[in-house]
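Worksheet: one structure, shown below.
The values are calculated or read from the model by the stated rules, or taken from the named source; none is laboratory data. Keep in mind that what you see is a predicted model, and the values were worked out from it rather than measured. Using ideal geometry, Cβ is built from the backbone for each residue, glycine included, and neighbour counts are taken over all protein chains shown.
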Amino acid sequence: MPNQSHLLNYLVNNIAPKMSHHVLLLGGHGKVAQLLTPLLLKRAWTVTSVIRSQEQVPTIKKLAAGESKGKLNVLVRSLEEVKSEADAKRVIEEAGKEGGGEGKEVDYVVWSAGAGGKGGPERTYAIDRDACIHFIRASESIPSITKFLLVSYLGSRKVKPSWWSDEEWKAAQHVNNEVLPTYYKAKVAADEELYRVSKKSGRLVGICLRPGTLTLEPAGKVELGRTKGSQGEVGRETVAVVADQLLAKDGVKNCWVDLLDGGEGVEEAVERVVREGVDCAEGEEVYNE
């Protein structure tokens, strides 16, 4: 008679259906989001892509073409008009009603949205900071949601990390305080709130993915976790691949994860970061709260 534990493992790995998820993708028309969408669909997951205009719908629907196994829903809503946690919760619940035709509630949320420098400081704060924070808090209040992945940027922090040189920190501060001060203030506030909410939650895992300067290069190897510095590039396609892997990986904890082009394979890098519990929020005030 076969060993019962071996039989159970066989049933789980070969017969039982793979866990399916419903991802709410905020900022679905963005370049990273468009690259991420097909990856999630290939996992046979449901994706509800939130975009800002009806004109963008055909572009998003094309992302489901081919052999995608999942279900793609498109929801046209302006994130700029999300003025409260209640507003954000309504968007999440509306997406859940779609549920890929199966009534599946949203259980993962990805924030890949932003004002893109358009509309001045007021619009940047309204979307990159305020709306994002409303969705973070709303997600924590909804029992079905267990992961929230926020795409930020490498220099979004207030304290010099111990693994960066003074020169690298000076370069990051130049960008944050002189080049993109409004964007920096908006993003770091959202990053901190996700970390704070996830740290206090017994359910919601907050993953802040923090790439360097984005390029159009194809997906490649990475430097993931504590990068050697604040300067460097990474392809948008690589960001999407890493995001996909982090969402699918079991055992991810509340963390900030920095990302640049590098020499390590994505799967190996994600496995290492999760196994070692890498958290680039170390040293920040929010880390010690």
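Observations on the model:
- Some residue of segment 176-191 being farther than 17 Å from residue 273 by Cα, among the charged types (D, E, K, R), buried (at least 22 other Cβ atoms within 10 Å of the Cβ) and free of Cβ contacts under 8 Å to residues at least 60 places away in the same chain: yes
- Among strands (runs of 3 or more DSSP E) entirely within segment 195-289, having at least 3 residues that are among the hydrophobic types (A, V, I, L, M, F, W, C) and modelled with pLDDT of 95 or more singles out 205-211, 255-261.
Residue by residue, here is whether (1) touching a residue at least 24 places away in the same chain (Cβ under 8 Å); (2) more than 16 Å from the chain's Cα centre (by Cα) holds:
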position	(1), (2)
173	no, yes
198	yes, no
201	yes, yes
231	yes, yes
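- Taken over segment 161-171, the criterion of being of a type in the set (Gly, Ala, Ser) and more than 13 Å from residue 283 (Cβ to Cβ) is satisfied by 165, 171.
- The lone criterion from (1) assigned to a helix (DSSP H, G or I); (2) of a type outside the set (A, V, I, L, M, F, W, C); (3) over 29 Å from residue 234 (Cβ atoms); (4) modelled with pLDDT of 95 or more left unmet by residue 83 is number (1).
- Given (1) surrounded by fewer than 16 Cβ atoms within 10 Å (Cβ to Cβ); (2) closer than 18 Å to residue 147 by Cβ; (3) in contact with a strand residue (DSSP E or B) (Cβ under 9 Å, 6 or more places away or on another chain), index of the condition residue 206 fails: (1)
- Restricting 199, 221, 249 to those that are closer than 23 Å to residue 140 by Cα and either touching a strand residue (DSSP E or B) at 6+ places or on another chain (Cβ under 9 Å) or not basic (Lys, Arg) (or both) reduces the list to 199.
- Residues located in segment 249-269, provided they are within 19 Å of residue 194 (Cβ to Cβ) and buried (at least 18 other Cβ atoms within 10 Å of the Cβ): 252, 254, 255, 256, 257, 258, 259
- Test: residue in segment 166-173 that is buried (at least 19 other Cβ atoms within 10 Å of the Cβ) and touching a helix residue (DSSP H, G or I) at 6+ places or on another chain (Cβ under 9 Å): no
- Filtered residue count, segment 45-97, keeping only those that are touching a residue at least 40 places away in the same chain (Cβ under 8 Å), under 22 Å from residue 116 (Cβ atoms) and of a type outside the set (Ser, Thr, Tyr): 9
- Applying a threshold of 7 Å to beta carbon distances and a minimum spacing of six or more residues, or different chains, the list of pairs starting in segment 136-149 at a residue that is within 12 Å of residue 194 (Cβ to Cβ) and ending at one that is of a type in the set (Ser, Thr, Tyr) and crowded, with 19+ Cβ neighbours inside 10 Å reads 147/108; 148/139.
- Here the condition is being buried (at least 21 other Cβ atoms within 10 Å of the Cβ) and not hydrophobic (A, V, I, L, M, F, W, C); of 218, 211, it holds for 211 alone.
- Residue list for segment 106-130, filter: under 18 Å from the mean Cα position of the chain (by Cα) and either modelled with pLDDT under 95 or over 21 Å from residue 36 (Cα atoms) (or both): 115, 116, 129, 130
- Residue in segment 40-54 that is more than 20 Å from residue 129 (Cβ to Cβ), in contact with a strand residue (DSSP E or B) (Cβ under 6 Å, 6 or more places away or on another chain), surrounded by fewer than 16 Cβ atoms within 10 Å (Cβ to Cβ) and not basic (Lys, Arg) present: yes
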